[in-house]
1. A:Ser48 to A:Thr80: FRET efficiency via 1/(1 + (r/R0)^6), r the Cβ-Cβ distance, R0 22 Å, to the nearest 0.05?
2. Between B:Ser86 and the same site in the other copies, what are the distances in nm, shortest first, taking label points 7 Å from Cα along the C-beta direction?
3. Using θ = phi - 60° and the Karplus relation 6.51 cos²θ - 1.76 cosθ + 1.60, list the HN-Hα couplings for the range B:22-28 in order, rounded to whole Hz, with x at every Gly or Pro.
4. Short version: ³J(HN,Hα) in whole Hz for each residue of the range A:7-13, in order, from phi by Karplus 6.51 cos²θ - 1.76 cosθ + 1.60 (θ = phi - 60°), x for Gly and Pro, what are they?
5. For A:Gly20, place a label point 7 Å out from Cα along the Cα→Cβ vector, do the same in each other copy, and report the separations in nm, one decimal, smallest first.
6. Where in the range B:38-59 does the label zone of B:Met1 land, with the point 7 angstrom along Cα→C-beta and an amide N cut-off under 19 Å?
7. Looking at the range B:4-101, I'd like the Rg to Rh ratio, where Rg is from alpha-carbon atoms and Rh is Kirkwood's inverse mean 1/r.
8. Compute the label-point distances linking A:Gln57 to its equivalents in the other copies; points lie 7 Å from Cα along Cα→Cβ; give nm, one decimal, shortest first.
Protein chains: 2
Amino acid sequence: MILVRRLLGDVLRQQRLLQGKTLRDVSADARVSLGYISEIERGQKEASSECLAAICQALELPLSRVMSQVSGELAREEATVAGLTSLPVSAKVRADVTTVAA
Amino acid sequence: MILVRRLLGDVLRQQRLLQGKTLRDVSADARVSLGYISEIERGQKEASSECLAAICQALELPLSRVMSQVSGELAREEATVAGLTSLPVSAKVRADVTTVAA
């Protein structure tokens, strides 16, 4: 099952690192506890809408851009899952062998 | 503050109605309580990632498409808010008067 919170966490962490900010910086600007932001970035906690808005504001990122990135990542994962489930069994075995050999 | 859960709820309800499904249908297919789905659609409860995935599966909608629609709605609201905050005060008063007159 593809979980939005994992991809959202990845996008938020990536954006924070791109800006050279620490968890402490974002925590202070967003007024959200450092531990909570860390768990959100690791996909371990769902971000409430208020918390997500505060983090995006601290990163000076429009919410729409973050959600658009999440949507793109979801589409990529959905395509991967669809590709794997539509493979014939022989191709799947070959894919596994290739993976092991690589 | 723009809240993702409100726009997500709007998109989910819109998609359900487009398919002519009832809350009861989605609740049964997604194995999520009817009350919880209703609260999510009204933007009153955050949807967990698992619950969101189950609802999208019940609606046979890719998560990426739902999040893309949410992102579009967010962009529209952000543009409206940005437009209002960049208006000079006199224009805002005119806008209010126009709204009341309309």
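A short reminder: the numbers here are calculations on the coordinates, not readings from a lab. What you see is a predicted model; the values in this text were computed from it and never measured. Because the Cβ atoms are built from the backbone with ideal geometry, glycine has one as well, and the counts that use them run over all protein chains shown.
1. 0.15
2. 4.2
3. Values per residue, Gly and Pro as x: 8, 4, 4, 4, 5, 4, 5 Hz.
4. 5, 4, x, 4, 5, 5, 5
5. Distances to the matching label points in the other copies: 5.9 nm.
6. Correct set: B:40, B:42-48.
7. When Rh is taken as the Kirkwood radius, the ratio is 1.14.
8. Copy-to-copy label distances for A:Gln57: 3.6 nm.
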